[in-house]
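Here is the structure we will look at, set down as structure tokens.
Every number here is computed from the coordinates shown, using simple stated rules; none is lab data. Treat the numbers as computed from the prediction; the structure is a model and nothing was measured. Ideal geometry is used to build each Cβ from the backbone, glycine not excepted, and the neighbour counts take in all protein chains shown.
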Amino acid sequence: MIEELSLQDSFLEQIDPRVKLIIVFLFSIVMAASYRFATLITALFICSIILLIGKVPLKEIFKRLIPVNTLIILLWLILPFSVKGDPVFLMGPFTATKAGVIYTAQISIKSNAIILMLIAVIASTRIFTIGHALHKLGVPTKLVQLFLFTFRYIHVIYREYLRLLNAMKIRGFEPRTNLHTYKTFAYLVGMLLVKSSDRAKRVHDAMLCRGFNGQFYSLNNFSITKKDLFILFSMISFIIFLGVIEWA
Amino acid sequence: MNKLVINISNICYSYPGGKKVLDNLDLELFKGQKLGLVGPNGGGKTTLFYIIMGLLKPSSGSIEIFGQPVVNEKDFKKIRQKIGFLFQDSDDQLFSPTVLEDVAFGPLNLGKSKNEAIKTAQKTLEFLGLSGFEDRVTYKLSGGEKRLVSLATVLAMEPEILLLDEPTTGLDDTTRTRIMDLLTKLPITMIIISHEINFIEKTTDSIINLKNGKLLTDKEFYIHEHIHTHPYGSYPHRHVK
């Protein structure tokens, strides 16, 4: 999800990141609160169109949809059978209800619509730019820094994790269901925590050595163009339109 | 006699609950001097750098930098702008997503404008032969590239003194030679920690050994034997020296 795509000739790349963030924020709220199929399907349809016009490769879209839909498959296995209502079909001892199926379908569509919109925004914007755009929009500096550092060091920590895992493997470690395995994994997690905390200390030291005084400066120059305003205006109208379908 | 830029006297430091790593240590560094610092692992070489930068506080002793005593965080903040410190692990040093942002971080902190900072960053990258690296993602660089970019982040602050902590550890011959050439070319006062005696011999003009918390000064290099591999196998080749 957070891996950046390079969409050089896509119009998505050129939109001011602040505009994109405002749109995705409002859109997600309205989507999360909507239940009518007319609203949900319209939203899903428009999101797909935006991605198509934005020339986002289909492969990338599907790759990013896998995690959320794995979760949704799990929901389909549980939710239809656990909501009370008129029975639709039977599966062994379990009865699926109409209300349950509808509820699960609503969740499936709305989460996919939100993820598609997020792909359109995140995939077309560099993470650092998103951070600075969030800052410009008034998100507290500390949260923005947390976001940026998480992105930067998650790779380092992941590499450290792989190193430790390999160190265990080359000495013949095989995970089994026993105390030895649990203990070893506990050591692994503990080691990662200690290493990450040490790393954080060293990074901070390195920043102090380069005159860090708590302030981040951005090299990005954001400027809203007429095109950005047009996109912001039309997308907000679209979101309001969704709200009208839902609540009017 | 050149100007005394770092004057450390009677510094003691021990890790919490641990042994004494620095024991009444004295060190004088003069302007233009290039000093090699060797010594066993865990001998306190990095600790000494941390103390000079004010990242660790010694239990006793005094530090004077550029003729001024440095005591509290405020003093150290000022001197950090003039001393560049290259960390052992480049991942500690590079935290911005792209190279240009990371190299411009120091100059921006020094109060330069955005355009000036970008200009300085580009100039430094060019000096290090890293033109075209501006938009590269820092965590995707190779080990050697990371080290060179780290050096760029430090040099972009235009320091008067450089503290380099094992600048060539884990690097291939080409990158090592590149760093060696750069360091010989730079007219900056520096202290270099290294375990590679050939490297340190070529880049510095005197070597000191930190052992048991004390500095042992070597005014001259010892003649020594060294073992080397023949990368070209049995093909005829010349020995450079």
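What number, in percent, do you get for the relative contact order of chain A if the mean sequence gap of Cα pairs under 8 Å and at least 6 apart is divided by its residue count?
32
At a 10 Å Cβ-Cβ cut-off, how would you order B:139, A:182, fewest neighbours first?
Lowest to highest Cβ neighbour count: A:182, B:139.
Given the -39500 (n - 2.57) contribution per DSSP H run of 4+ residues, what per-residue ellipticity at 222 nm results for the protein assembly as shown, rounded to the nearest 500 deg cm²/dmol?
-17500 deg cm²/dmol
Counting only pairs 8 or more places apart or on different chains, how many lysine pairs in the stretch A:140-209 have C-alpha atoms closer than 23 Å?
5
What Kirkwood hydrodynamic radius, in Å, does the protein assembly as shown give when the mean of 1/r is taken over all pairs of distinct Cα atoms and then inverted?
Hydrodynamic radius (Kirkwood, Cα only) of the protein assembly as shown equals 26.9 Å.
What is the antiparallel percent of DSSP beta bridges lying wholly in the protein assembly as shown, to the nearest 5?
Approximately 60 percent, going by the DSSP bridge assignments.
Past 20 Å, Cα to Cα: identify those pairs from B:45/B:211; B:3/B:74; A:136/B:114; B:3/B:82; B:34/B:185, in the order given.
Check vs 20 Å cut-off fails for B:3/B:74.
If you average the sequence gap of Cα pairs under 8 Å that are 6 or more apart and divide by the length of chain B, what percent do you get for the contact order?
After rounding, I find 26 percent.
Does the stretch B:90-158 come out rounded, prolate or oblate by the C-alpha gyration tensor, with a ≥ b ≥ c the root eigenvalues, rounded set by a/c under 1.5 and, if not, prolate when a/b is larger than b/c and oblate if not?
prolate
So, in Å, what gap is there between the alpha-carbon centers of the stretch B:130-154 and the stretch B:44-90?
25
Can you give the Rg and Dmax of the stretch B:19-58 based on its C-alpha atoms, in angstrom?
Over the stretch B:19-58's Cα set, Rg and Dmax evaluate to 11.0, 34 Å.
Packing-wise, with mean Cβ within 10 Å as the measure, how do B:176-189, A:184-197, B:88-101 rank, highest first?
Descending packing order for the listed peptides: B:88-101, B:176-189, A:184-197.
Indicate the helices, whole DSSP H runs only, in chain A that combine a mean Kyte-Doolittle hydropathy of 0.0 or more with a Cα extent along their long axis of 30 angstrom or more.
A:58-82, A:98-122, A:141-169, A:179-209, A:226-247
Each label point is 7 Å from the Cα along the Cα-to-Cβ direction; what then is the distance between the points at residue A:98 and residue A:201, in nm?
6.4
Taking the simple approach of a point 7 Å from Cα along Cα-to-Cβ for both residue A:78 and residue A:154, what is their distance in nm?
Each label point is offset 7 Å from its Cα along the Cβ direction, giving 2.3 nm.
What are the principal axis extents of the Cα atoms in the stretch A:140-209, in Å, biggest first?
Taking max minus min along each principal axis of the Cα atoms, the stretch A:140-209 gives 45, 24, 16 Å.
What percent does the relative contact order of the stretch B:22-78 come to when contacts are Cα pairs within less than 8 Å and at least six residues apart?
Relative contact order here is 21 percent.
Taking the Cα centre of the protein assembly as shown as the origin and placing charges on Cβ (Lys, Arg +1; Asp, Glu -1), which of B:120, B:14, A:232 is farthest toward the positive end of the dipole?
Result: A:232, furthest along the dipole toward the positive end.
Measuring from label point to label point, each 7 Å out along Cα→Cβ, what is the residue B:205 to residue A:171 span in nm?
The modelled label-to-label distance comes out at 4.9 nm.
Among all the lysines, which ones have a C-alpha under 16 Å from residue B:146's C-alpha, if same-chain residues fewer than 8 places away are not counted?
The reachable lysines, counting only those whose Cα sits under 16 Å from residue B:146, number zero.
Once you have the Kirkwood Rh of chain A from its Cα pairs, apply Stokes-Einstein at 4 °C and 1.567 mPa s and quote D in µm²/s.
60
Please state the shape class of chain B: rounded when a/c is under 1.5, otherwise prolate if a/b exceeds b/c and oblate if not, all from the C-alpha gyration tensor.
Oblate.
Which percentage, to the nearest 5, of the DSSP beta bridges contained in chain B is antiparallel?
Antiparallel: roughly 55 percent of the beta bridges in chain B.
Provide a whole-number value for the mean count of partner chain Cβ atoms within 10 Å of the Cβ atoms in peptide B:164-175.
Per residue, the average neighbour count from other chains is 0.
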